[in-house]
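The values are calculated or read from the model by the stated rules, or taken from the named source; none is laboratory data. Keep in mind it's a predicted model, so treat the numbers as computed, not measured. Methodologically, a virtual Cβ is constructed for each residue, glycine included, from the backbone with ideal geometry; neighbour enumeration extends over all protein chains shown. These area figures cover heavy atoms from the full protein model, side chains too; ligands, DNA and RNA do not enter into them. Shrake-Rupley method; radii C 1.70, N 1.55, O 1.52, S 1.80 Å.
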Amino acid sequence: MVKITIMGASGTIGKTVAFNLAEKDVIDEIIMFSRPSSHERVKGEILDMYDALAAEDIDCELKASSDYADLAGSSIVLITSGVPRKEGMSRLDLAVPNSKIVQEYSKQIAIHAPDSVILIVTNPVDVMTSIALKTSGFDKKRVIGLGNHLDSLRLKTLLSQHFHINSREIHTRVIGEHGDHMVPLLSSTTIGGILLKSFVEYMDLDVPKLVETLKNSGNNIISKKGATEYGPSYAISNLILTIANDTRKILTVSTYLEGEVEGVYDVSLGVPVILCKHGIKRIVPLKMNDEERTEFFDAARTVKKTTYELEKMLNKE
Ligand code: NAP
C-alpha cells in the first residue's frame, strides 16, 4: 500500500503532481491536502481527475483533506505550499512567509506521519529544506528538496538540442543552489559515455550563454505563461516514484550537508544521491574542476547566509 500526501494541493504544482502520479497507476492513495479555504476547489479537481482516470482504466484513490490526521500512513509527504512572489519581493522577503508555512507543516508531519520522507518544493527550496529538517527533527536522509534535479533535466534538454542527440544519451548534473548559484557540472558531462569536450559540436557551444539560458529557464517560462507547471511536477514525480518503488536511481536533491562534499557543512544544497524507499541511501562522490568547486563554495556561502538570516528573524518572533 503506497500512500502519498501532497500539501498545497490546490496549487499549480500540487494538482499537476497529483494527476501525474495517479496516471502512473502505482500509487494506491493520494491525499490532496489544502487549507480549508481551498477544500472545495480540490474536491472539484479530484472529480475532474476521476473522469480522466476512468478513460485510462486507472483506479487510484484521491482524497481532498484539510485534516492533518489524514497524513497518517503516508510514505512521502510533499510540501508545495507557498505564497506567490510579488514584484519587488527579495528572496528573503519570500523566505519569511514560506518558512512559517513549512515550519507548521513539518511540525504536523512529524506528529502525524513520523515515518515519512518529506519532499520540499516551496522556494527558496534549499533554505526550506533546512527549515523542514530542523523543525521535523527527522533524520536528514528523510528530508529532501527538489531543485537541481529539475535544473539537470533542463540542462539535458539544452545539450540534446545543441548536439542533436537523443536526450537519453546525455548524462549531466547541476548541483549547488536551485537559483542563481547553481553549478552545471559540464566537466564531467558525458554523451553516450564519452566526455562532452570530445564531440566536434562542443567547439560551437557557447558555454556562458548555455549557463545563462539554464539559469533563466524558470523565469522565462513564468514570463510567458505565468508559472512553471509540467517541468517541476514531472521532476517531482521522478523523485516520488524512485522513492516509492525503491529504484535506487542517482538523482540530485537538496540535502543538509555535514562535510560530505568538499567539506561544506550546515547548509542544504543539491548534490547527487542514491534514492531508496527510506529517502537518501547515500551521497554519491563528485568530481568537480577548480571553477566548479569555487562556484559550489559560492552557492554554499549564499544559501547559508540566507538560512542564518532567516533563522535569526524567526527566532526573534
Ligand atoms: P501556487 O499555484 O501559487 O500554489 C501554492 C499553494 O500554496 C496554494 O495553492 C495554496 O495551497 C498554498 N498557499 C498559498 N498561500 C498560503 C499560505 N499563506 N498558507 C498556507 N498555504 C498557502 O504555486 P505553485 O506554482 O504551485 O508553486 C508552489 C511553490 O513551489 C512555490 O513556492 C514555488 O516557488 C515553488 N516551486 C519550486 C520549484 C522547485 O524546483 N523547487 C519549482 C516550481 C515551483 P492550498 O490552498 O491548497 O493549501
Which one, 238, 220, 148, has the greatest fluctuation when you compute a Gaussian network model over the chain with C-alpha springs under 10 angstrom? 220
What pairs in 43/141; 86/312; 3/100; 3/281; 107/156; 15/134 have C-alpha atoms more than 29 Å from each other? 43/141; 107/156
Of 13, 222, 144, the most mobile residue in a GNM of the chain (C-alpha springs, cutoff 10 Å) is 222
Report, by chain and number, residues whose modeled amide H sits under 5 Å from the one on residue 257, excluding near sequence neighbours (fewer than 5 apart, same chain). 266, 267, 268, 269
Pick from 206, 180, 93 the residue whose mean-square fluctuation is largest in a GNM of the chain, springs joining Cα atoms under 10 Å. 206
Set Lys and Arg Cβ to +1 and Asp and Glu Cβ to -1, take the dipole of the chain about its Cα centre, and tell me which of 307, 196, 239 lies farthest positive. 307
State the antiparallel share, in %, of DSSP beta bridges confined to the chain, rounding to the nearest 5. 50
Treating only the Cβ of Lys, Arg, Asp and Glu as charged (+1, +1, -1, -1), what charge dipole size does the chain show about its Cα centre? Round to the nearest 20 debye. 540
Expressed as a whole percent, how much of the Cα-Cα distance distribution for the stretch 3-145 exceeds 19 Å? 50
Positive-end residue of 32, 263, 54, charge dipole of the chain with Cβ unit charges: 263
Per the helix-only calculation at 222 nm, which mean residue ellipticity applies to the chain, given -39500 (n - 2.57) for every DSSP H run of n ≥ 4 and division by its residues, nearest 500 deg cm²/dmol? -14500 deg cm²/dmol
Leaving ligands, DNA and RNA out of it, report the carbon-plus-sulfur percent of the accessible area of the chain at a 1.4 Å probe. 50
Seen from all sides and averaged, what is the projected area of the convex hull of the Cα atoms in the stretch 149-312, in nm²? 10.6
Given a cut-off of 33 Å, what percent of all Cα-Cα pairs of the chain lie beyond it? 23
For the stretch 3-145: relative contact order, % (alpha-carbon pairs under 8 angstrom, 6 or more apart): 23
